[in-house]
Every structure is written in structure tokens, then in C-alpha cells.
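Values in this text are rule-based calculations from the coordinates and carry no lab data. Quantities reported herein were computed from a predicted structural model and do not represent experimental measurements. Here the Cβ positions follow ideal geometry from the backbone for every residue, glycine too, while neighbour counts run over all protein chains shown.
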Amino acid sequence: MRIIAQPEEILSTVFGYPAFRHNQKAIIHHLLEGKDAVVLMPTGGGKSLCYQIPALCLAGPTLVVSPLIALMKDQVNALRLNGISASYLNSSQTPAEQADTYQQVLQGKIKLLYVSPEKLVGEDGYLMQLLSQKQPALFAIDEAHCISSWGHDFRPEYRALNQLKKKFPHTPLIALTATADAITRKDIVLQLELKDYQLFEQSFNRSNIHYTVKPKTELDYALLTFLKKQEEESGIIYCFSRQSTEKLADELCEAGFMAAAYHAGLEKNIRDERQEKFLKDEIRIMVATIAFGMGIHKSNVRFVVHADLPKNLEGYYQETGRAGRDGLPAEVLLFYGTGDVMKLKRFAQIEDNPEQTAILVKKLNQMAQFCESNICRRKLLLNYFGESAPAYCGNCDNCLHQRTLKAYTIEAQKILSTVYRLKESYGTNYIIDILRGSNHAKIKSAHQQLTVYGIGKDVPKQEWQYIIQQMLQNGYIDSSGTNYPILQLNEKSKAVLFRQEPVMLPAPLQVSTVYEPTIYQSLPYEKELLALLKKTRSVLAKEENIPPYLIFSDSTLLDLCTYLPLTREDIVRINGFGTYKTEKYGNAFLELIQTYSSQNQLPSQMHQLPGKKLKKSTTATGSIRTKSDTKQLSLQLFREGLDVAAIAESRQLSEATIEQHLCHFLEIGEISIDKLVSESKQVLIRGIANKVGKLRLKLIKEGLPDTISYAEIRFTLAAFSD
């Protein structure tokens, strides 16, 4: 292994961050030592940097296994926006495009290549043969829980990845996942045939997420109330069935929301179109089955709603983790009804596999207990993943809305008496049917003669369900069995039934308001400026046909309108402004902040920004240079007669980077615009720019002949920037 750059420099100059988070640094240095790693890190915790940075530090290509085409495209677009040579191989490409990508790998022009597991180790085996010629620097297995049949999203094609350590025993491998319980973790190691590896675990706590569970009976009203409070924010609503997604999406559209359905039954082109619109904020709410979401790295998803119960806590955690990836506050809301539990138990039955059926039912019961509990949601979730947590988090419904106690002694005695007379042999639903005097055919005639038959007919079924749930949680009754648990008495039950001990249980929660999150800022921020920055980001994103969040996250924009950078030196200190993005987008945002600050007589607050060193520049291949050095080299080659394409090829940089370098010298007058753009084109460009504004690049292009390129527009605007 040959190291060609240091991770700290790559982090700062390429990605624009001052320091590693959590255990990123330890993971990266472990890989640079040539060792394997299994990484458990929450969504939004920075998993991608754990392999992207080593990829830029090592000579040779890094292969990233990814399960979805959409995820590959999203990651590759994000990397290219940071000036990194990245690509992908998948079924969406033509044979010619794939052949070109193979050739670029052989030529050493691609640092990160995203592939599906079948493309890497299946099909004709061509890629594996190619890698024997071009030794890979690193293998990264994203969404590694897909390799385990015990995982919540098992994909059989992942099993073939065990070939990697056999054929490339000296190439380090990193397996990453945001959700894996103990049995899934062991299976990941077993299936990948890892012998000498280190497990890196990070806290599963997503402190910026607010957890709420509401009764499903409130779905219609509570959901609309919730969405109205979210206004222009992006979010995902998960439903169990395809039909439910269509129905709910139509209802939301009728109510004035920008919503669409997404499920596996739609034509692929429709799914792709809707997903792209969601990523670009053209659809605000995606109503989807779990077919949507894996690998969605949209950082500004502000809420996730479950209209139906998830099958397990792993799935729930991963799906809710798609909210608030940028670290800003996010809401997750789950609507719970016991009917969902019974429905999902039927789907959990695996024919001729009682062992797996038992595991699936156990996981479903744990999901139901999470919903029914009145203790801290975050504590329950973290405890499930083997992590300790305090009893109060201050950011879930149970912690923020403590329930009052209510006397339920009479109701509890009726329940316990029914359990006793049925000889502790029946489950919750049958007990309730007896209490309510049901005439259902399943009720045995002998049981209709019991004194407890019908003694609770004045109490709604859902209230009886709630009381039994609370009695189970508070130890007044036990249950046994997995598929169809039965209720049984214990010592506490007998004290209530035979010694008249009073029963006090939490009253049902009646909350009509949704928790209003506050922005995690110690300083005030300019809300009007934030709206202007988002608008500018959207304009730039449309010009490049990419999602806005790939240019800068909401958290970066929030930093801009909090600290108000007014100089080039200031803006590079803001998180997210790596060298490439600073050169490409810095001026557009800087000019907007300068104008706004001047109009409102606002001083910069950069002195309040936590320390971040000024950056050096780096190329996509990892060699470190100062900013002036790298630009001067481009200038030197230009003066030697090379055009933009030739300079880019010579330096193994993108043409966009070279254009930015030349724009810099046009701005300071070291290059004549006449060497790059004809005088007649300059006149046309300046004329349109004066009409529509210099930042409206797409509008300028639309008003000009097709013979004038975006590069010529940028050159001209740079030359006449005053």
C-alpha cells in the first residue's frame, strides 16, 4: 500500500471540515495500516468519509459496493462536486459507457468506483479480472447488513462478496452499516470471511431527532396538523402497502401538499422521476413503502412519518435516520395500532422455518413494546442496540409530556378475574372479547356462561387494549409465548385480585400539539438571508441539474447566515467549503452575504466561529499544494498554449476546476478575456447579464445562441466582475 496524502489534509481541503468526528480518525488510520474494519455508525454519522478519505490517501482505485443505483449516483455526484474523480458501474449505463469506465479505471483516472455486488463479483467476472491488473486500494461494503439473512433488508447477491478476501487478501476491506443487532453483526463477519478485523461502534443516538408515537385512531387529523406545521420542509411518510401510499398521496395532494407515491409496483421510469424530483425539492413529501429510502442521502429531510407499524426496531431506526442527516432538528412520528401487530405477525410466518419465524415475531413484539411504553423512547431504542442511556432525553414525547396517573383498580380486577377464570390460557384479544360479551363464533359456549362475560361491554375495545398494555409494562400481569402470547397471573396480580391492592396507571396521552424544534444555534441567525441563500442554492442546482443539498447542506447555509463571512478568507472557514467548492460557488454566496450585510448594516460574526484553520489546496488525486501553486500551474500551462481540456487532462483535474482557476486570473487581470472569448460573444453575454442579473447563469444561457458555452459565460462575467 502506498500512501500519497494525509487524511487530515484531505478532510480540510477537499471536504471542508476542520476535524474528524467521533471515531472517524481511528477507522481511517486503521485502514491505512492495511487492516479490515466493521463499522457500526448511525445514519448521518459520517460513514462515507471513513472510506472516501482513505481512497484519496491511497494509490489505486477504491471499489464501493452499493445496493442501489440511486445511491451510487447521489454519492458520485457529491464527490464530483468536491473535485474528486468518481464514477459508477450499473445497469443504467450503455455498454459503451461501461467500457469507457473500465478503461478509465485501468488508466488510473478513477479514485472511487461504485458498483453493485453482482457487477463486482458476478456476471462475466470481467471487473475482478481487471482489478488483478490494477490492484485495488480498498474495498468498502456499504449497507453491509444486506449480507445477513437475519438482517432486516437481506439481499442474496451480497453473499458472493466472500470472494473479495479470497482473491485480494492484502487489500483492506471496510463493511459499514447503520443498523445491525448482535446476530446480524456476527453474520456480516462470517459471510465476508473476515479473520483479522476490528469492530468500530459509535453511539446510535441521534440527539437531533424528536421521537413521537400517537394512536392510529388519530391518523387523519394528527397527520394533517403535523404536516401543516412543517410547511415547506421535505419529508417521507412510510406506509405498509402500495395501495395505501397511492391513497394517502392523493389525499395530501388534494389538501395542497406537494406529495407523490413511491412503491415497487410503479414503472421504473416513474420511480426514478419521482425520486429525482424529491431529491431536488420539486416533491416535498414522498409517501412510500420501504422500497424507498435505502441510500437516500438527502441531508435536508426534516421529518419521517410511519403511518403503519415497522416490522422491527432495526427498520424503524434506519427509516427514521433519514431525517436530519445534516444535524439540524428533525421530527419522526409513528402512528400505532394493535391491529398492525396482528397483521404483521401473519407476514412473519416463514414456512418450514420455525427458528426464523420466532426471531421475526420477537422483533415485532419488541417494536410493539417500543410504541406502548411510557418511558423514554430514545432509551428504549439505544438499549435495544446494546447501548446504555439515561432515563430522560428531553427530546421525545414520553420525556416532554409526562403522563398523570389514574386509578384503574376496578378495570384491572375485571381483567385479572377474566384471566383467572379462563385458566391463564388465552391472549389479549380473547380476554377483551369475553369482557365485552362478544358473539363471535370463536367464543366458546362455556365461556359465555362465565360471570365475567360481558362485564366490560361499556368500555371500548381500544381502551381495554391500552389498560392491558399498561398492566404488562408495569408488572401487574405477565405474558408468555411469542406468536400468540397468553396472559398469566403473577404475585402482583394476586395482590390486586385477592387483596384489593389499588392499581394506578399512566392516563392515555392527550396531546394535540406537535413538538416545535428549535434551531441548535447559540447565536441568532438571519432568517431572511437563509431564505436568499436557499434560493441561490436552488438556482445553481437547477443549472447543474443536481439536488440542492449536494451543493451545500442546510447546516452550511445556517452557518453562513449566522457568522456572516464577508471575505474570501472568511468563507473558507465555514464547514463544507472545501477548495473545489470555494472556487466554484464561493463568490456567488459571498456576494449575496456582503450585499445583505451592507444593506442591513450587519457586522461579521466570524470572531464567534469555533477555530478552523485556513486550508491548503489539494487535487483530486491527493497531492497537496497551496492554492496559489495549483492556480499558477494552470496559468503556466495556459500561457504555454494548452486549452482547458488539455490542462485538465494533464493535471488530472476536472475541466470545471481549470475554468475556476482561469476565472480567478481573469478577475485580477492577469489574463485577457480576448484569449478565451471572442469580442462579439462578450458583447452578447454582457448584454443579457445586465438584463437578468449576473447570478442567473441559466437564464443568461437561455438568452444566448447555442454556440456560446457556459464556460465562455463564466469567463466573461469573471473578466467584468466589477
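Beta-bridge orientation, the chain: approximately 15 percent antiparallel, per DSSP, counting only bridges with both partners inside. Using a cutoff of 8 angstrom between alpha carbon atoms and counting only pairs six or more residues apart, the relative contact order for the stretch 213-348 works out to 31 percent. The Ser480 and Gln356 beta-carbon pair, evaluated with R₀ = 22 Å, returns a calculated FRET efficiency of approximately 0.60. Taking the Cα centre of the chain as origin and assigning +1 to Lys and Arg Cβ atoms and -1 to Asp and Glu Cβ atoms, the resulting dipole is close to 1180 debye. Projecting the Cα atoms of Asn490, Ala86, Phe278 onto the dipole axis of the chain, where Lys and Arg carry +1 and Asp and Glu carry -1 at the beta carbon, places Asn490 farthest toward the positive end. Positive end of the dipole of the stretch 662-722, charges at C-beta (+1 Lys, Arg; -1 Asp, Glu), about the Cα centre: which of Leu684, Ile700, Ile668 has its Cα farthest in that direction? Farthest towards the positive end: Ile700. Legend: distances between Cα atoms for Lys109/Lys165; Lys311/Lys527; Lys119/Lys581; Lys214/Lys406; pairs beyond 30 Å are Lys311/Lys527; Lys119/Lys581.
Short-range pairs are left out: with C-alpha atoms under 8 Å and at least six residues apart, the relative contact order of the stretch 405-506 is 40 percent. The smallest convex shape that holds all Cα atoms of the chain, its convex hull, gives 182 Å³ per residue.
Peptides 332-338, 163-169 ranked from most to least packed give 332-338, 163-169, packing being the mean of other C-beta atoms within 10 angstrom over each peptide's residues.
May I ask which residue of Ile713, Leu68, Leu40 lies farthest towards the positive end of the charge dipole of the chain, with charges of +1 (Lys, Arg) and -1 (Asp, Glu) on Cβ and the Cα centre as origin? Of Ile713, Leu68, Leu40, it is Leu40. Look at the alpha carbon pairs under 8 Å that are at least 6 residues apart: their mean separation over the length of the chain gives a relative contact order of 13 percent. A protection proxy built from the mean count of other Cβ atoms within 10 Å ranks the segments 439-452, 49-62, 564-577, most packed first, as 49-62, 564-577, 439-452. Is the shape of the stretch 305-414 rounded, prolate or oblate, going by the alpha carbon gyration tensor and its root eigenvalues a ≥ b ≥ c, with a/c under 1.5 for rounded and a/b larger than b/c for prolate? Oblate.
The convex hull built on the alpha-carbon positions of the stretch 209-400 has an orientation-averaged projected area of 11.4 nm². Sorting the Cα pairs of the stretch 405-506 by distance into bins of 5 Å, from 0 upward, gives 2, 13, 27, 26, 20, 9, 3, 0 percent per bin. Label-to-label distance, Ser425 versus Ala446, with points set 7 angstrom from Cα along the beta-carbon direction: 0.6 nm.
Where the alpha-carbon atoms of the stretch 447-494 are placed on the principal axes, they occupy 26, 26, 22 Å, in descending order. Pairs exceeding 24 Å between alpha-carbon atoms, taken from Lys25/Lys535; Lys363/Lys442; Lys343/Lys423; Lys444/Lys492; Lys111/Lys631: Lys25/Lys535; Lys363/Lys442; Lys343/Lys423; Lys444/Lys492. Annotation: extensible slack from Glu569 through Val459 equals 32.7 nm (criterion: 0.36 nm per residue apart, minus Cα-Cα distance).
Within the straight-line cut-off of under 16 Å between alpha carbons, the aspartates and glutamates reachable from Lys681 are Glu702, Asp706, Glu712, sequence neighbours fewer than 8 places apart in one chain being disregarded. For the stretch 376-438, the gyration tensor built on C-alpha atoms gives a prolate shape. Its axis ratio a/c (a ≥ b ≥ c) is at least 1.5, and a/b is the larger of a/b and b/c. Sort the stretch 242-326 into rounded, prolate or oblate with this rule: let a ≥ b ≥ c be the square roots of the eigenvalues of the Cα gyration tensor; rounded if a/c is under 1.5, and if a/c is not under 1.5, prolate when a/b is larger than b/c, oblate otherwise. Taking the square roots of the gyration eigenvalues as a ≥ b ≥ c, the stretch 242-326 is rounded. Taking the C-alpha atoms only, the angle from helix 527-544 to the longest principal axis of the chain is near 70 degrees.
Label zone of Ala160 (point 7 Å out along Cα→Cβ, amide N under 20 Å): in the stretch 126-146 this covers 126-134, 136, 139-146. For the stretch 577-586, 3J(HN,Hα) computed residue by residue from phi via the Karplus equation (6.51, -1.76, 1.60; θ = phi - 60°) reads 8, x, 4, 5, 5, 5, 5, 7, 10, x Hz, glycine and proline entered as x. Taking 37 °C and 0.692 mPa s as conditions, the stretch 7-201 diffuses translationally at an estimated 196 µm²/s according to Stokes-Einstein applied to its Kirkwood radius (Cα pairs).
Summing +1 for each Lys or Arg and -1 for each Asp or Glu among the other residues whose beta-carbon sits under 10 angstrom from that of Leu637 gives 0.
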